[in-house]
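A short write-up of the structure that comes next.
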Amino acid sequence: MQEINTSIGMEYWYNKVFAVRAGYFYEPKTKGSRQFFTFGAGVKYSVVNVDFSYLIPTLLNNPLARTYRISLSFDFDPAKKEKDPTTVSP
């Protein structure tokens, strides 16, 4: 069982525009002993997504302490995903 990393997370979207996230990651001591909580948020506007997270380690003197992560992503065809399957295109 020491070859398996365990993680769990939750995400809540408000109005398909704002997201709030939280999670926990656990790795056995024999594989690196990374153990931390993450909290974050995201914003989706048109084709642009911006996500932010903050990492809080559970162990002292962790090199990942107070780590911020920011990501920028693009979804160039969001209309295709939201298309009504009952509508027939010409």
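The values are calculated or read from the model by the stated rules, or taken from the named source; none is laboratory data. These numbers come from a predicted model, not from an experiment. Methodologically, a virtual Cβ is constructed for each residue, glycine included, from the backbone with ideal geometry; neighbour enumeration extends over all protein chains shown.
Just so you know, in region 50-68 the residues that are at pLDDT 90 or above and surrounded by 16 or more Cβ atoms within 10 Å (Cβ to Cβ) include one that is farthest from residue 7 (Cα to Cα), and it is 51. Against the condition surrounded by fewer than 12 Cβ atoms within 10 Å (Cβ to Cβ) and among the polar types (S, T, N, Q), how does residue 15 come out, does it pass? Yes, satisfied. Quick check on residue 29: is it more than 11 Å from the chain's Cα centre (by Cα) and without any contact (Cβ under 8 Å) to a residue 12 or more places away in the chain? Yes.
Among the candidates 23, 32, 40, the residue that is surrounded by 10 or more Cβ atoms within 10 Å (Cβ to Cβ) and over 17 Å from residue 72 (Cα atoms) is uniquely 23.
What are the pairs, 6+ residues apart or on separate chains, where a residue within region 12-26 that is farther than 19 Å from residue 69 by Cα has its Cβ under 8 Å from a residue that is modelled with pLDDT under 95 and exposed (fewer than 12 other Cβ atoms within 10 Å of the Cβ)? These pairs meet every condition: 17/45. Inclusion of residue 45 among residues that are of a type outside the set (Lys, Arg), free of Cβ contacts under 8 Å to residues at least 24 places away in the same chain and farther than 27 Å from residue 63 by Cα is not warranted.
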